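The values are calculated or read from the model by the stated rules, or taken from the named source; none is laboratory data. Owing to the predicted nature of the structure, the values given are computational and were not obtained by experimental measurement. Neighbour counts run over all protein chains shown; Cβ positions are idealised from the backbone, glycine included.
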Amino acid sequence: MKKLVISNKINNYNKTISVDGDKSISIRSLLLGSQSYGICKIKNLPNSEDVLHTINGLRKLGVKITFNNNICSITGNGLGSFKINNKVTIDAGNSGTFARLLLGLLIKGTHKVKLIGDKSLSRRDFLRISEPLQKFGSSFNLNKKGGLPIEIHATELIKPIQYKETRGSAQCKSSVMLAALNSPGNTIIEAKKSRDHTELFFKYLKLPIKIKRKKDFDIIHIKGEKQFRSFKYQIPGDISSSSFFVVLTILSKKSELKIKNVNVNPSRIGFIKIINKMGGKVRIKNKRKVYGEYVADLHIKSQKKIKSINCPVKFNSNAIDEFLIIFLLASKAKGVSKFSNLGELNKKESPRLKLGSNILNMMGIKTVLKDNTLKIYGNPNLKIKKEIKIKNYYKDHRIFMTSVIGGLVLGGKWTIHDVNSYKSSFPSFMNILRKIGFNASYK
């Protein structure tokens, strides 16, 4: 197996880049397109493994899809129009978003569908999805640990439900929202604040949704069985993908970066708020609304001083995918940074909270991890002179990309295994690094 070796820091640069399309929105666009009437055209769809698994899975359910040059055409035949043969098996690969949201569209009918995934996805919790979906009337068979493989037994006799989502999980909320589309009457969801791409997409498609926003949660009403027409959509750049280049620039010397056309949905910019509190000074410019989502350009410059942070818990759900790279920034901060209530981080593709702490320890940074709270004792003068080996990390794409950024800004010799793991979410990652000035070396 090839390994990536990083032995030199990246040189200073002044560049303008674009990142791949937002993965969360991409998968939602494909799922909703499959339930529309007519031909949908989706632009800037990333060629990532998660998106390809979504496309292949929908094809197995009878949906006609073409995908070339980041442009996708989907022919939909309306709600509940999947053509499902019994004993069909859908492979979600590593995509929790596809697997969990798809289940919401499979509750109605007479079919049985088996859903599988890779080792990492199979370890993740699917009881959080099956339990609310069972209330609609369908049934599920899961493995003994509540994960994949899972078999769904659909029913024609589904009913609307009331559901309280307390984790701040957009995937749980969205799966129930998609299920509600096929249910008669009104489904009511009381959801802890989380990313709201599904709600915005419903509004863009003029689906019957009402949202009452409270301080810590939203009350969502959805009237089901409303058919909707095909649509056009352009996927904005992924802010999670952008985060790696934001921190790379902040920690590099005499460098500037502009990232064009990034999704800056208010439910996704917890990362930017945290970074700015730490002295990152990320600027959002040219902000406008496109297909219901806010899009803007990010402007970043190198910073000589990084401040520690007692991170407000209110940012957690809005930055859950970016905490690994935030931890890396905290390693160079002056003082002790504290991040609390991050149990959800261990329910991702890997136990990220534990692995993130371990990587910092390998770098020579003291951490204290207790009760899902991580304290990071930063060192503004951190210079790594030893070899660091990153392996056995469940092929987690964000562990890989965070480690690459660490190697490029902190020095030392980094040997990183599972060199293709980033392709599940961000296939252009290495190509963009090459444009900035990193010449990758493999062994």
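Points worth noting:
- When residues of the stretch 352-374 are limited to those that are part of a loop (DSSP other than H, G, I, E, B) and touching a residue at least 24 places away in the same chain (Cβ under 8 Å), the one surrounded by the most Cβ atoms within 10 Å (Cβ to Cβ): ILE365
- Residue list for the stretch 136-160, filter: part of a loop (DSSP other than H, G, I, E, B) and within 22 Å of SER81 (Cα to Cα): PHE136, GLY137, SER138, ALA154, GLU156, LEU157, ILE158, LYS159, PRO160
- A count restricted to the stretch 122-166 and to residues that are among the basic types (Lys, Arg) and in contact with a Ser or Thr (Cβ under 8 Å, 6 or more places away or on another chain) stands at 2.
- Among residues of the stretch 54-73 that are assigned by TED's automatic domain parsing to the domain that holds PHE98, those with a Cβ under 7 angstrom from a residue that is surrounded by fewer than 16 Cβ atoms within 10 Å (Cβ to Cβ) and in a helix (DSSP H, G or I), sequence gap 6+ or separate chain, pair up as ILE65/ARG59.
- Selection over the stretch 309-337 of residues that are surrounded by 20 or more Cβ atoms within 10 Å (Cβ to Cβ), over 23 Å from the mean Cα position of the chain (by Cα) and more than 17 Å from SER255 (Cβ to Cβ) gives a count of 4.
- The residues of the stretch 80-110 that are out of contact with any Leu (no Cβ under 9 Å at 6 or more places or on another chain) and either assigned to a strand (DSSP E or B) or of a type in the set (D, E, K, R) (or both), listed by number, are LYS87, ARG100.
- Contacts under 7 angstrom Cβ, first residue in the stretch 261-273 being more than 16 Å from LYS193 (Cα to Cα) and touching a residue at least 12 places away in the same chain (Cβ under 8 Å), partner of a type in the set (Asp, Glu) and in a loop (DSSP other than H, G, I, E, B), 6 or more apart: ASN263/ASP22; ASN263/ASP238
- Filter pass, ASP91 being modelled with pLDDT of 95 or more, touching a helix residue (DSSP H, G or I) at 6+ places or on another chain (Cβ under 7 Å) and surrounded by 24 or more Cβ atoms within 10 Å (Cβ to Cβ): no
- For SER242, the conditions (1) outside the structural domain of PRO46 (by TED's automatic domain parsing); (2) under 25 Å from ILE158 (Cβ atoms) are fulfilled apart from (2).
- Inter-residue pairs, beta-carbon under 8 Å, first crowded, with 18+ Cβ neighbours inside 10 Å and in the stretch 277-302, second among the aromatic types (Phe, Trp, Tyr), 6+ apart: ILE300/PHE245
- Looking across the stretch 1-26, the residues that are more than 18 Å from the chain's Cα centre (by Cα), modelled with pLDDT of 95 or more and hydrophobic (A, V, I, L, M, F, W, C) come down to LEU4, VAL5, ILE6, ILE10, ILE17.
- Counted residues, the stretch 59-79 - those being in a loop (DSSP other than H, G, I, E, B) and either modelled with pLDDT under 95 or surrounded by fewer than 16 Cβ atoms within 10 Å (Cβ to Cβ) (or both): 4
- Conditions (1) under 25 Å from the mean Cα position of the chain (by Cα); (2) farther than 30 Å from ASN11 by Cβ; (3) surrounded by 23 or more Cβ atoms within 10 Å (Cβ to Cβ): number failed by THR187: (1)
- Condition met for ILE390 (in contact with a strand residue (DSSP E or B) (Cβ under 8 Å, 6 or more places away or on another chain), assigned by TED's automatic domain parsing to the domain that holds ILE325, buried (at least 23 other Cβ atoms within 10 Å of the Cβ) and without any contact (Cβ under 8 Å) to a residue 40 or more places away in the chain): yes
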